[in-house]
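**Q** Before anything else, here's the structure in question.
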């Protein structure tokens, strides 16, 4: 089952998340197990299975990383569980600088402002990577798209660490 077909969406990285959510709600209503409570055992099991598939598909398509990994998997490239490292020295150097900046934030005179500024920097980087992924996938440049997804994962992980730091500063 192709997740895009399930939600009646065109296959591609760029999608309307509101439209995805609307299709999700429609499918959930149609296949919710409660709708089949009085049905046969096989109908109830089928509804539970279909509901789980709908949830998995929605979860995959709503996440930019999971959506890109799914599109790559449709092209025969599985990077979702890989341990391959990024070979881009410039990107890796930037990551080291970002990590040092993250470690220095607590010692800054206004850590909250520094966190907000850094969040914007990371969001801009993530947006650029998502645009690159979209273009690379549309051009079937799967190797480059896979590398961009790996980089995006780095950025998301760094942003998650920044959010934990923000919680620490706020408390």
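The values are calculated or read from the model by the stated rules, or taken from the named source; none is laboratory data. None of these values were measured; they are calculated from a predicted model. Note: ideal-geometry Cβ built from the backbone for every residue, glycine included; neighbour counts use all protein chains shown.
**Q** Mind checking which residues of the range 75-110 are farther than 24 Å from residue 140 by Cα and surrounded by 12 or more Cβ atoms within 10 Å (Cβ to Cβ)?
**A** Hits for the range 75-110 are 92, 94, 95, 98, 99, 101, 102, 105, 106, 108.
**Q** Now a separate question. Starting from the range 61-81, keep only residues that are free of Cβ contacts under 8 Å to residues at least 24 places away in the same chain, then list their pairs with residues that are crowded, with 20+ Cβ neighbours inside 10 Å whose Cβ atoms are within a distance under 7 Å, requiring at least 6 positions of separation or different chains.
**A** Every condition considered, the pairs that remain are 80/69.
**Q** Go through (1) part of a helix (DSSP H, G or I); (2) over 15 Å from residue 65 (Cβ atoms) and name the single condition residue 158 misses.
**A** Of everything listed in (1) part of a helix (DSSP H, G or I); (2) over 15 Å from residue 65 (Cβ atoms), residue 158 misses just condition (2).
**Q** Residues being farther than 19 Å from residue 62 by Cβ and surrounded by fewer than 14 Cβ atoms within 10 Å (Cβ to Cβ): count how many of those fall in the range 122-160.
**A** 5
**Q** Follow-up question, since we're still on this one. Of the residues 44, 99, which is in contact with a helix residue (DSSP H, G or I) (Cβ under 8 Å, 6 or more places away or on another chain) and in the same structural domain as residue 138 (by TED's automatic domain parsing)? Please lay out each step first, then the result.
**A** On the way: 44 fails: in the same structural domain as residue 138 (by TED's automatic domain parsing).
Residue meeting the stated conditions: 99.
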